[in-house]
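Colleague: After the structure tokens below, expect a handful of questions from me.
The values are calculated or read from the model by the stated rules, or taken from the named source; none is laboratory data. Bear in mind the structure is a predicted one, so any value in this text is a computation, not a measurement. Note: ideal-geometry Cβ built from the backbone for every residue, glycine included; neighbour counts use all protein chains shown. The area values use the complete protein model at the heavy-atom level, side chains included, leaving out ligands, DNA and RNA. Shrake-Rupley method; radii C 1.70, N 1.55, O 1.52, S 1.80 Å.
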Amino acid sequence: MLVNILKKNGVNSEGVCFDKDARTALAFVTLRKDGEREFMFYRNPSADMLLKESELNMGLIKKAKIFHYGSISLITEPCRSAHIAAVKAAKEAGVLLSYDPNLRIPLWPSPEAAREGIKSIWNTADFIKVSDDEVEFITQGPSDEKNCLSLWYEGLKLLVVTDGDKGCRYFTKNFKGSVKGFAVNTVDTTGAGDAFVGSLLCSLAKDPSLYEDEGKLKETLTLANACGAICTTQKGAIPALPDIAAAQKLISGSK
């Protein structure tokens with residue numbers, strides 16, 4: 001079903017693996033009154049946890065412009081080793097590495113294990129996107145500028161911190177700043193971070209020098225904020241993903 005959804009939306013699915021014995025993981029999302037979510041997962045174990053290094057499509061990874069990953073694949077073996085091998089292959093091929101920790105504490109043995117796991121591959125990415133909540137979790141302090149900057153390391157090109165409906169903050173080697181969010185009628189925040197980072201990575205794939213030009217970066221982040229905002233106006237993650245026309249309409253309507 002999921003592969004068919006990808007194909008229907010014009011996404012190349014040749015890298016997808018199937019496991020003959022395990023099922024796809026399920027995530028149960030409960031919505032609070034403010035549209036924020038709580039997650040419960042069913043993995044027993046699920047197919048993604050059983051991905052082996054030998055099953056990786058290295059050719060596909062090496063020819064990518066961007067290799068994007070999270071931290072959930074670091075929780076158990078053999079998936080953890082497959083994840084690390086894929087990151088290494090992408091880095092050696094000169095692919096831009098993009099990391100969104102996507103913190104899901106219930107999946108980890110403990111909050112400490114989650115913190116340690118997320119930080120274990122921190123210094124390999126070229127671009128990192130974190131939410132303000134994740135900054136607080138990782139640094140064990142407020143998501144202020146000092147703690148955001150404590151996540152910076154030599155070799156990182158761009159750090160983006162999302163602040164929900166307030167927008168986002170950005171940090172590069174040469175400049176830092178913030179971009180305002182958009183006021184919308186929020187129904188469900190599921191997928192907003194993915195819509196944001198998907199938009200940003202699309203722009204980066206077209207122009208890898210974005211993080212060197214503050215004006216271009218702010219335009220790109222405005223578009224990403226619009227995509228994240230629109231995604232919260234409907235229930236579900238995939239059905240709510242906007243196209244570029246919807247995002248541009250929201251941007252021009254708020255000027």
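Colleague: Within region 159-195, can you find the residues that are under 15 Å from GLU212 (Cα atoms), in contact with a Lys or Arg (Cβ under 9 Å, 6 or more places away or on another chain) and of a type outside the set (Lys, Arg)?
Modeller: Restricting attention to region 159-195, the residues satisfying the condition of being under 15 Å from GLU212 (Cα atoms) are 159-160, 170-177.
Checking the rest, the ones that are also in contact with a Lys or Arg (Cβ under 9 Å, 6 or more places away or on another chain) come to 159-160, 170, 172-173, 176-177.
Scanning region 159-195 gives LEU159, VAL160, TYR170, THR172, GLY177.
Colleague: Looking only at region 172-213, which residues are open to solvent by less than 40 Å² (accessible area, probe 1.4 Å) and in contact (Cβ under 8 Å) with a residue 60 or more places away in the chain?
Modeller: Residues satisfying the conditions are PHE182, ASP188, THR189, THR190, GLY193, PHE196, VAL197, LEU200, LEU201, LEU204, ALA205, TYR211.
Colleague: Same structure, new question: Quickly run through region 214-240 and pick out the residues that are open to solvent by 10 Å² or more (accessible area, probe 1.4 Å) and either under 19 Å from ILE5 (Cβ atoms) or among the aromatic types (Phe, Trp, Tyr) (or both).
Modeller: CYS227, ILE230, GLN234, LYS235, GLY236, ALA237, ILE238, PRO239
Colleague: Given the criterion in contact with a strand residue (DSSP E or B) (Cβ under 9 Å, 6 or more places away or on another chain) and under 27 Å from CYS148 (Cβ atoms), identify the matching residue among LEU250, LEU221. Before you say what the answer is, go through the steps one by one.
Modeller: On the way: LEU250 fails: in contact with a strand residue (DSSP E or B) (Cβ under 9 Å, 6 or more places away or on another chain).
Of the residues listed, the single one that is in contact with a strand residue (DSSP E or B) (Cβ under 9 Å, 6 or more places away or on another chain) and under 27 Å from CYS148 (Cβ atoms) is LEU221.
Colleague: Here's a follow-up. On the given criteria, is ARG80 farther than 22 Å from GLY198 by Cα and of a type in the set (Lys, Arg)? Lay out the reasoning, then the answer.
Modeller: On the way: farther than 22 Å from GLY198 by Cα: yes; of a type in the set (Lys, Arg): yes.
The answer is yes for ARG80.
Colleague: Which condition breaks for LEU2 when tested against (1) modelled with pLDDT under 95; (2) over 21 Å from ALA237 (Cα atoms); (3) aliphatic (A, V, I, L, M)?
Modeller: All conditions pass for LEU2, except number (2).
Colleague: Further, regarding this structure: Given the residues ASP194, ASP188, ASP213, ASP243, which is the only one that is modelled with pLDDT under 95 and more than 18 Å from PHE39 (Cβ to Cβ)?
Modeller: ASP243
Colleague: Scan region 1-42 for residues that are open to solvent by less than 70 Å² (accessible area, probe 1.4 Å) and over 22 Å from the mean Cα position of the chain (by Cα) and jot them down.
Modeller: ASP19, ALA22
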